[in-house]
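**Student:** The structure's right below; bear with me while I get my questions together.
The values are calculated or read from the model by the stated rules, or taken from the named source; none is laboratory data. Just so you know, these numbers come straight off a predicted model, no measurement behind them. Cβ placement follows ideal geometry from the backbone for every residue including glycine, while neighbour counts extend to all protein chains displayed. Ligands, DNA and RNA are stripped out before the accessible areas are found, and what is left, the full protein with its side chains, is counted by its heavy atoms. Shrake-Rupley method; radii C 1.70, N 1.55, O 1.52, S 1.80 Å.
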Amino acid sequence: MKNKILTGMSTLMMFIPWTIFPLRTLDWALKSPAAEIIISCYAAFMILSGIFTIASYMKAKVQNNLMKICLLVNGLYAVVGVAAFGLMMM
């Protein structure tokens, strides 16, 4: 049961970062203070979802095929989130 819950959460976390695209079509989301806040929140979520998936895979030993896909995708999201924070600091 624990394996299914952790796999489901990691799978859901793969799709949430894609919600930034419809959000960024709104005019207020493109202006300066809101844009940085939105990107920072999404980058933080991507980093945390990567850490969560890695921890679930390594510590909780949830190692099914779907979790391997989640590990790859959320790991890439975490790298992109760190890069986004790095670019914002420059």
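**Student:** Full extension from residue 35 to residue 18: what is 0.36 nm times the residue separation minus their Cα-Cα distance, to one decimal in nm?
**Tutor:** Separation in residues times 0.36 nm, less the Cα-Cα distance, equals 4.6 nm.
**Student:** With each label point set 7 Å from Cα along the Cα-Cβ vector, what nm distance links residue 9 and residue 90?
**Tutor:** Taking the two extended label points, one gets 3.5 nm.
**Student:** Using the Cα centre of segment 1-77 as origin and beta-carbon charges of +1 (Lys, Arg) and -1 (Asp, Glu), tell me which of 74, 53, 40 is placed farthest towards the positive end of the dipole.
**Tutor:** Ranked along the dipole, the leading option is 53.
**Student:** Something else: What accessible area per residue comes out for the chain, rounded to a whole number of Å², with a 1.4 Å probe?
**Tutor:** 66
**Student:** What's the carbon and sulfur percent of segment 26-90's accessible surface, probe 1.4 angstrom, rounded to a whole number?
**Tutor:** The computed percentage sits at 78.
**Student:** Give me the lysines in straight-line cross-link reach of residue 2: C-alpha distance below 27 Å, same-chain residues under 8 apart excluded.
**Tutor:** Straight-distance partners of residue 2: 59, 61, 68.
**Student:** To the nearest 20 debye, what charge dipole does the chain have about its Cα centre, counting +1 at the Cβ of each Lys and Arg and -1 at the Cβ of each Asp and Glu?
**Tutor:** Value, rounded to 20: 440 debye.
**Student:** Continuing with this model, one more query. Where does the chain land at 222 nm, in deg cm²/dmol rounded to the nearest 500, when only DSSP H runs of n ≥ 4 count, each adding -39500 (n - 2.57), divided by all residues?
**Tutor:** That calculation yields -26000 deg cm²/dmol at 222 nm.
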